[in-house]
1. Tell me, which residue of segment 126-180 that is among the polar types (S, T, N, Q) and modelled with pLDDT of 90 or more is surrounded by the fewest Cβ atoms within 10 Å (Cβ to Cβ)?
2. For segment 103-125, does any single residue satisfy the condition of being crowded, with 21+ Cβ neighbours inside 10 Å and either over 22 Å from Arg77 (Cα atoms) or in the same structural domain as Phe49 (by TED's automatic domain parsing) (or both)?
3. Given the conditions (1) farther than 24 Å from Tyr158 by Cβ; (2) loosely packed, with under 15 Cβ neighbours inside 10 Å; (3) among the small types (Gly, Ala, Ser), which single one is not true for Gly69?
4. If Thr62 meets every condition in (1) among the polar types (S, T, N, Q); (2) surrounded by fewer than 17 Cβ atoms within 10 Å (Cβ to Cβ); (3) at pLDDT 85 or above; (4) under 27 Å from Ala31 (Cβ atoms) apart from one, which number is that one?
5. Could you say whether any residue in segment 125-141 is among the hydroxyl-bearing types (Ser, Thr, Tyr), in contact (Cβ under 8 Å) with a residue 12 or more places away in the chain and over 26 Å from Lys36 (Cβ atoms)?
6. What are the pairs, 6+ residues apart or on separate chains, where a residue within segment 80-99 that is surrounded by 13 or more Cβ atoms within 10 Å (Cβ to Cβ) has its Cβ under 7 Å from a residue that is among the aromatic types (Phe, Trp, Tyr)?
7. Which one of these is within 27 Å of Lys37 (Cα to Cα) and among the charged types (D, E, K, R): Arg182, Arg115?
8. Across segment 141-183, what is the number of residues that are over 22 Å from Ala28 (Cβ atoms), hydroxyl-bearing (Ser, Thr, Tyr) and assigned to a loop (DSSP other than H, G, I, E, B)?
Amino acid sequence: MRPPRKIQITEGILGQITERPREDGTKAYLARVRKKKGGKTAFNKTETFSRERDAKAWIKKTEADLKKGSLQHSNDRATLAEVIQMYLKETGPKFGKTKRQCLEYIATPKIGGKRCLDITSEHVMDLIREQSDGREPQTVGNYLSHLAAVFAVAEVAYKARLSMTEFNLARDTARHLKLIRRSGKRTRRPTIGEMR
């Protein structure tokens, strides 16, 4: 696997492509555009492509849009914890106690205190490894599925830039390492004592 390749640096904007192997043996190209201002990340977006030329074209277009100022978000300072709280407030009554508890746990400072803009696949992997300590892969998978729901709606619903590409990268890696998996089918009905 080749190291990340810098595509272009203009006015503090960095375009980068990272080649990653997929489970089926094909290659994926993770394209990232990042802009720094005053030493801090002001913009960070990623997309995954099957062809390197598509990744390069996306970087070129995203950089051009950045220069025109057409990619500004009003909630770039939002932390993951703040977005989770917005999500719980809006949809909380519609789901159960377990999902709420999982999301409230994730909202704690370690990852919850990070700006959505700064969260990468490495941060999600750190969370998965932390959850794996003393828990079954199925349980860790449940935590991740609840977090996926937040990532899926954050950009449109709350104008907070949480990258689904970064999330999926971490989830695919965790599946490959067998840190998460779906719950198996029941082979019998629970007894009355077990239900009690």
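1. Step by step, filter segment 126-180, then rank; the result is Gln138.
2. There is no residue in segment 103-125 that is crowded, with 21+ Cβ neighbours inside 10 Å and either over 22 Å from Arg77 (Cα atoms) or in the same structural domain as Phe49 (by TED's automatic domain parsing) (or both).
3. (1)
4. Failed condition: (2).
5. Yes: segment 125-141 contains one or more residues that are among the hydroxyl-bearing types (Ser, Thr, Tyr), in contact (Cβ under 8 Å) with a residue 12 or more places away in the chain and over 26 Å from Lys36 (Cβ atoms).
6. As it stands, the answer is Val83/Tyr158; Met86/Tyr158, since those pairs meet every condition given.
7. Checking each option against the conditions leaves just Arg115.
8. Matching residues across segment 141-183 total 1.
The values are calculated or read from the model by the stated rules, or taken from the named source; none is laboratory data. Since we're looking at a predicted model, the values are computed, not measured. Here the Cβ is made from the backbone with ideal geometry for all residues, glycine too, and neighbour counts use every protein chain on show.
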